[in-house]
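A quick write-up on the structure given underneath.
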Amino acid sequence: MTVERDQVLAAHFDAFHLARDRSPLVSALYADAMGDGYPVDVAPYSSCDWTVLGALVAGLRVRPGGVVADVGCGTGGAGLWLARALQAGLVGVDVSPAAVRIASARRARFGMTGRARFTVGTLEATGLPDGSVDGVVCVDALANAGDRVQALAEMRRIVQPGGRLVMTRAGTGGLRDRVVEQAAAAGLDVEDVQKRPDEPAMWGRLYRLWRARAGELREAVGEDQAAGMLREAERMLPRLEGRVALLVTLRRPGPPVAR
Ligand SMILES: C[S@@+](CC[C@H](N)C(=O)[O-])C[C@H]1O[C@@H](n2cnc3c(N)ncnc32)[C@H](O)[C@@H]1O
């Protein structure tokens, strides 16, 4: 990842997060699309519904007092909810300084002020020390990495031996094989891969809502952001048929180190 690419990504996602933070409309549309699967406190801009949260808890196996890293954490809801549920500490990493500011301001609402911190970094270079966390989550972010194997190797570096990485992946047919190849190339064992067959339909509902409410969306997030969202809807709607969504649990080999 080059410094220039990081800066472009940071500016892109700053605009994305600041626009969405200005209005409740975008979250309301995610809530409509997910129905009762929508975790209101978390308020994700992703596929992070109750099923994903449950899988993150079950997959990580982090003990109370451990530390979880949420990479590509966005505005922090998933990591804060998860660390609170596990009685763990949290370090969230995102390329967007605006996301990091918004996430930091949400800590008190989760009772996590002293136990969570958010920092600017990338998936490929988090800035966290070697083996400093007990588990890693990455929700709907790995696709943005310039080099996915490098991003997975970075997650392997920061988690202690024996620690788990739980992440969402989405793509076209053959995704499962690519996930297995990338994990092996990054020195990670594949522990579990689950299909999320209902996820593409959720995106379909969301994209149709964006389209149907385009005028309100423009007022809520501004012309540029709304145009980007509508382009995404037009690009993705025809591709949802045949799209595969997975929940993947990987493990850094080796015996856990006593801490
Ligand atoms: C779809 S959002 C998901 C946010 C969060 N995980 C959630 O579930 O709500 C993707 C996030 O990844 C971040 N991101 C994208 N590319 C990144 C990179 N290369 N390094 C770190 N963060 C990145 C974006 O700023 C954004 O917050």
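Within the stretch 20-64, track down each residue that is among the β-branched types (Val, Ile, Thr) and within 20 Å of Ala220 (Cα to Cα).
Val26, Val40
Scan the stretch 225-252 for residues that are in a helix (DSSP H, G or I) and in contact with a Ser or Thr (Cβ under 9 Å, 6 or more places away or on another chain) and jot them down.
Across the stretch 225-252, the qualifying residue is only Arg239.
Select from the stretch 117-145 the residues that are of a type in the set (Val, Ile, Thr) and closer than 24 Å to Gly162 by Cβ and list them in ascending order.
Thr126, Val133, Val136, Val137, Val139
Can you name the number of the only condition in (1) surrounded by fewer than 23 Cβ atoms within 10 Å (Cβ to Cβ); (2) within 17 Å of the chain's Cα centre (by Cα); (3) within 11 Å of the ligand (Cβ to nearest atom) that Val8 fails?
So the condition that Val8 fails would be (2).
Got a sec? Which helices (runs of 4 or more DSSP H) wholly within the stretch 1-81 have at least 1 residues that are among the aliphatic types (A, V, I, L, M) and within 26 Å of Thr249 (Cβ to Cβ)?
25-34, 50-60
Return only the number of the condition from (1) outside any loop (DSSP other than H, G, I, E, B); (2) out of contact with any strand residue (DSSP E or B) (no Cβ under 6 Å at 6 or more places or on another chain); (3) near the ligand (Cβ under 8 Å from one of its atoms) that Gly162 does not satisfy.
It is condition (3) that Gly162 fails.
Can you say whether Arg178 is over 14 Å from the mean Cα position of the chain (by Cα), modelled with pLDDT of 95 or more, of a type outside the set (Val, Ile, Thr) and part of a helix (DSSP H, G or I), as far as the supplied structure shows? Lay out the reasoning, then the answer.
On the way: over 14 Å from the mean Cα position of the chain (by Cα): yes; modelled with pLDDT of 95 or more: yes; of a type outside the set (Val, Ile, Thr): yes; part of a helix (DSSP H, G or I): yes.
When the stated conditions are applied, Arg178 passes them.
Considering each residue of the stretch 11-37, count those that are touching a helix residue (DSSP H, G or I) at 6+ places or on another chain (Cβ under 6 Å), farther than 20 Å from Thr119 by Cβ, within 12 Å of the ligand (Cβ to nearest atom) and of a type outside the set (A, V, I, L, M), and give that number.
1
The values are calculated or read from the model by the stated rules, or taken from the named source; none is laboratory data. Remember, predicted model here, so these are calculated numbers, not experimental data. Here the Cβ is made from the backbone with ideal geometry for all residues, glycine too, and neighbour counts use every protein chain on show.
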